[in-house]
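Student: If you scroll down you'll find the structure; I have some questions about it.
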Number of protein chains: 2
Amino acid sequence: MNDDDHLVETLISSEDVFSGTLLKVKLDHVRLPDGGESVREHIVHPGAVTVIAVLDNGKLLFERQYRHPLKQVFLELPAGKIDSGEPILDTARRELREETGYKAKSWRHLGVMHPCIGYSDEHIEIFLAHGLSYVGHERDREEFIEVVELSLADALLAVRDGEISDGKTIAGLFWAEKIFSGAWDIPA
Amino acid sequence: MNDDDHLVETLISSEDVFSGTLLKVKLDHVRLPDGGESVREHIVHPGAVTVIAVLDNGKLLFERQYRHPLKQVFLELPAGKIDSGEPILDTARRELREETGYKAKSWRHLGVMHPCIGYSDEHIEIFLAHGLSYVGHERDREEFIEVVELSLADALLAVRDGEISDGKTIAGLFWAEKIFSGAWDIPA
């Protein structure tokens, strides 16, 4: 790898400045590459998964869900946070089952994306699921979700037309298109 | 549009619970679609831009930058936050100039992505820039950035291989590939 000393910051001290139910905020003092000091505020997040779930009819599972920070309904891939200590494949199986009601026979981990590198350590693990069967959802009392089936082609057009703008969903569709077209031959 | 009453939450009250230099956190009480109540913590963000900047040699401009929340150097498209009241095209011109040293003759707004819909209202406006000329960067005292040129093909492989995992960069490359291949004919 490159010698990145001209880019890397080192931690001087770290303080918890907000600790809510969902969000934990840290205020860190760092040493800059030139020896100066600065402060960095950032969210500490447990990480999440998102699932490209392919039905036997070839369509993908999406969810319509209201997202309060933006006060609008988003069309997005199934996703959810990793519980403490939970293996990521278990999170993917659990969230797909809980939110959409489907279980899958075949699972592959495709990659990871980082949604918000400027102020959060969140990583989102991208999974591909085949061999779906409906067994019934198990949503939380506070989850209101509508499950939608879309072909990959229609989902790509929805990105173009601004109907899909969620970052993890765009990343998932990017991977889906490469895998389905055979452009990327990822080991199973 | 659909009738989304079965999904939409309505605001009951809102409180500022953390206000730092970068991050503002709100704790909102909301009415759920079934009449119940819940709390939502979220970041209030001014929004940002990201730029697909195409050099005359056909390569794209990238930056290598240390991101403290994840404690690693990321390969990412040029980007930056919108100043209060600033038109988004001005932000795009300013950030490209400040961070990479390039100005561009031709600009197009391609779309918007939302990096973190679960806990931030951030929107990232995606621009395409052509006709670049180098005029010298104007980085902040605290910005340590290495500018890198990559072909679109190499950048796509970097996504496959996990060397690019930043959400806004993946979204930008998704758009770049569609536009450059002619698959998406977006009005200029």
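Derivation of every value follows stated rules applied to the coordinates shown; laboratory data play no part. Treat the numbers as computed from the prediction; the structure is a model and nothing was measured. Because the Cβ atoms are built from the backbone with ideal geometry, glycine has one as well, and the counts that use them run over all protein chains shown.
Student: Under a crude label model (7 Å from the Cα following the beta-carbon direction), how far is B:Asp4 from A:His29 in nanometres?
Tutor: Modelled inter-label distance: 4.5 nm.
Student: Suppose R0 equals 25 Å; then what is the FRET efficiency for B:Phe180 and B:Glu143 from their Cβ-Cβ distance, rounded to the nearest 0.05?
Tutor: On the way: r = 29 Å, r/R0 = 1.16.
Here the calculated transfer efficiency is 0.30.
Student: Taking a ≥ b ≥ c as the square roots of the Cα gyration tensor eigenvalues, with a/c under 1.5 meaning rounded and otherwise prolate when a/b beats b/c, else oblate, which class fits region B:40-126? Could you put the intermediate results ahead of the total?
Tutor: Working: a/c = 2.06, a/b = 1.38, b/c = 1.50.
Here region B:40-126 falls in the oblate category.
Student: Restricting to DSSP H runs of at least four residues, report the calculated mean residue ellipticity at 222 nm for the protein assembly as shown, -39500 (n - 2.57) per run over all residues, nearest 500 deg cm²/dmol.
Tutor: -6000 deg cm²/dmol
Student: Would you kindly work out the equivalent ellipsoid of the protein assembly as shown from its C-alpha gyration tensor and give its semi-axes, the square roots of five times the eigenvalues, largest first in whole Å?
Tutor: Result for the protein assembly as shown: semi-axes of 32, 26, 20 Å.
Student: Something else: Kindly write out, for region A:79-86 in residue order, the coupling ³J(HN,Hα) from the Karplus curve 6.51 cos²θ - 1.76 cosθ + 1.60 (θ = phi - 60°), rounded to whole Hz, with x marking Gly and Pro.
Tutor: Karplus values, whole Hz, x for Gly and Pro: 6, x, 6, 7, 6, 4, x, 7.
Student: Mind listing the long-range amide H neighbours of A:Ile117? Cut-off is under 5 Å, sequence gap 5 or more, other chains count too, H placed in the peptide plane at 1.01 Å from N.
Tutor: Close amide H contacts, sequence-distant or interchain: B:Gly167.
Student: Please enumerate, by chain and number, the lysines with C-alpha under 19 Å from the C-alpha of B:Lys105, excluding those fewer than 8 residues away in the same chain.
Tutor: Once the sequence-local lysines are set aside, what remains near B:Lys105 is B:Lys59.
Student: A follow-up question, please. Give me a comma-separated list of calculated 3J(HN,Hα) values for region B:34-49, in order, Karplus coefficients 6.51, -1.76, 1.60 applied at θ = phi - 60°, integers in Hz, x for any Gly or Pro.
Tutor: Karplus values, whole Hz, x for Gly and Pro: 8, x, x, 10, 8, 10, 10, 9, 7, 8, 9, 10, x, x, 8, 10.
Student: Also: In nm, to one decimal, how far is the modelled label at B:Ser133 from the one at A:Lys59, with both set 7 Å along Cα→Cβ?
Tutor: 5.3 nm
Student: If I model a spin label as a point 7 Å beyond the Cα along the Cα-Cβ vector, how far apart are those points for A:Asp161 and B:Leu157 in nm?
Tutor: Placing both labels 7 Å along Cα→Cβ, they lie 3.6 nm apart.
Student: Classify region A:48-181 from the C-alpha gyration tensor, please: rounded if a/c falls under 1.5, else prolate or oblate depending on whether a/b exceeds b/c.
Tutor: rounded
Student: Calculate one ³J(HN,Hα) per residue across region B:145-162 by plugging θ = phi - 60° into the Karplus curve 6.51 cos²θ - 1.76 cosθ + 1.60, and present them in order as whole Hz with x for glycine and proline.
Tutor: 9, 10, 8, 10, 9, 9, 5, 4, 4, 5, 5, 5, 5, 5, 5, 4, 8, x
Student: In nm, what does the list of distances from B:Val148 to its counterparts in the other copies look like, shortest first, when each label sits 7 Å along Cα to Cβ?
Tutor: List, nearest first: 3.5 nm.
Student: Just to confirm my numbers, what's the Cα centroid distance between region B:134-171 and region A:80-130 in Å?
Tutor: 26 Å
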